[in-house]
Every structure is written in structure tokens, then in C-alpha cells.
Amino acid sequence: MKDHLSKTWSIWVQFKTFFRNLKFSLTSIASTLKVLLILNIFFLESSAIAYIPPTKMILQKVTENSGAGPYAIEQLVEFYQGLDTSILVRENWIIENDHSLRLTVTGEKNLKNTFKLNYIYTGSQRWTMEGGNKISVPIPRELIQRFFHFKSTEALASYLLKEQILPSNYLNRKSLPPKSSEISFQPESWIRLARLGGVVNWTIGTPSSEGEILPGIWIEQDQFNIRKIRLASLAEMTAEGFKEFSKGLFYPEKQTIKWNTSSASIRLVSVKSLQAKSFQGIQPSSIESSNHIEGLVRNSAQIAVSEFYSRFR
């Protein structure tokens, strides 16, 4: 009887040991798999973060967001001079591309019927009418609206070169190595990743330092929308709330432009795609009325409005 009990107890101990080891093994396997999964995610993220695409590819993606064909864009612009908020105007744009645009500005609220501007942008000239005469001046270098309408990678790159965002050697061609196996992509020193507005951006330009603010452009990593640009003059534009409209145009619901001690807040009202067959080309001959700005006289935001439309429009 004792032998039988002893044998039974021995078998029971062996079963307990087996299941204890099995449980330990399963736990170890699960822990190992968990560690491997974490390491795999880490290395995947590290390799993704380490990869910086060429500037040309980033700029090409940006131009693909400018849509196809002409658009009509309406937006409200509110001006700030110091702490005063006293000017509101309505902008109506007809835009074909970065060098073919038409702008009509009309006053709102206290500027109703006392403020109007008409501009035609074609080629390298901005046309308007003053005193019944059509006059032209070079398109303002800081025409910020064009950033959402570049159709050509080369045109966008040329503008960034002028604004000292891209280095002067950007267009220099590199000589190829004698063997194809030796060809490798070297990340460009002027591109880096940076977070802005809660999203990761490709940032192009020499990094600013504590004692020197430098121009640059911030392009959303996934969607390739321009979220911020700082021009050579250090004027800045930030954009948020991008939406996709007809024919592939991505456009922000809100823009903020800051320069010196002034700023302008731009709120989108509507975007409409125009049929190419019904679209009338943008020509200086279509300007029919002169500008009048008498509503700005003795207004506290007069300087901000005047600077805005002479520099950024």
C-alpha cells in the first residue's frame, strides 16, 4: 500500500513539475516575442526616421498638391497693428498657376465701399490701374500666395534659391562614380526633420541659431503641404487646416502672416475649380477700374494694410 501511495505521489510531483516548466516556457516565449516585436518596431521606425529623401522629390510632391486647371479662391483677411484689430477685407482670387493670377480686394465693415484693389499678375509683372492708367511693376518677391500654386518643381526651387532657403550649390550636378555599384544617395545637409503644429515636417534651410534667425520652409512629412515659410526678410507665413478640393488642390483653411510688428490672419471662405473651356485668360487688358483706398485714411491699421499689399500681394 505504501509503495502504491509513494508511486502515485511521485507521478503527481512529476506532473506538477511538467506543467510548471511548461508555463515558464510559454511565458518565456511570450516575453521573447514581445521583446522581438518591440525591437522590430524600433528598428523600422529608426530606419524610417533616418531616411531623408532628396529635395527634388519633396518639392515634386509639393507641386502635385497645387491641383489642375484654374481656381477661384475667396478669403477674408483681418489685419493687426499692435493690439488693434480694425481692418477686414475680402480677397477674390482667380489663379491659374504661380505666375498667372488675378486679385480683387474689397473692404468689409468700416471699409465698405471705400477700399478696393485690382491686381493682375502675369509673367514677371503685376498690373494695376491708377488714375485711369494701367501701370506695371515687378511681381513682389514676397508674393506668398504663389506657394500653393507652383506647378513646376524647377520654379519652386528657383524661388527658394532666391530666398536663400536652398543653398547656392543646390543646382550643381555631382559627378557619377566610375562603377554603378558605388552609386549611393548622400542626405543633403540642408534637410532635416522637425516637429511643427503637432506634425513632423521636412525642414529645408540652414538651421537658425540662438543669435541668428535664418529663412526656411517646413513641409508636412506625410501630406507634403507647406505648413510654414520664413522668407529672407524674416517675414513668416504659417498655414493649417489643409483640405483637399477638386482636381487635387490642397489648400489651408487658415494662414497667418507676420512681419515686423504687424500680422494678418487669413480665413478661407471658398474654393471652386473653374472649367478650362469657360476660363478667360488672365490679361492686363481685363482691368477695368482704378484702385481706391480712401477708407484707410487716419485708420490705425493703415500701415499694416499698405505694407501687406505692397509686399505680400
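Each reported figure results from applying straightforward, stated rules to the coordinates on display, with no laboratory input. As the structure is a prediction and not an experimental result, all values here were calculated from the model. Don't worry about glycine lacking a Cβ; one is built from the backbone with ideal geometry, like all the others, and counts go over all protein chains shown.
Can you sort E91, E240 so the residue with the fewest Cβ neighbours within 10 Å comes first?
E240, E91
Taking the simple approach of a point 7 Å from Cα along Cα-to-Cβ for both H292 and E154, what is their distance in nm?
According to this spin-label approximation, the distance is 4.5 nm.
Applying 1/(1 + (r/R0)^6) with R0 = 22 Å to the Cβ-Cβ distance of S168 and S124, what FRET efficiency is obtained, to the nearest 0.05?
Once rounded, the FRET efficiency stands at 0.55.
Taking amide H positions as placed 1.01 Å from N in the peptide plane, with prolines and chain starts having none, which residues 5 or more places from S86, or on another chain, fall under 5 Å of its amide H?
For S86, the qualifying residues are F79, Q81.
For the residues L214, L101, what sequence is obtained by ranking on other C-beta atoms within 10 Å, fewest first?
L214, L101
Could you list the residues of region 91-125 with an amide nitrogen less than 17 Å from a label point located 7 Å from the Cα of K134 in the Cα-to-C-beta direction?
100-104, 118-125
Using the count of nearby Cβ atoms within 10 Å as a rough guide to exposure, how do S152, S306, S189 rank from fewest to most?
The fewest-first ordering by Cβ neighbours comes to S189, S306, S152.
Considering amide H positions built from the backbone, and no H for Pro or chain starts, which residues 5 or more places from F242, or on another chain, come under 5 Å of its amide H?
E253
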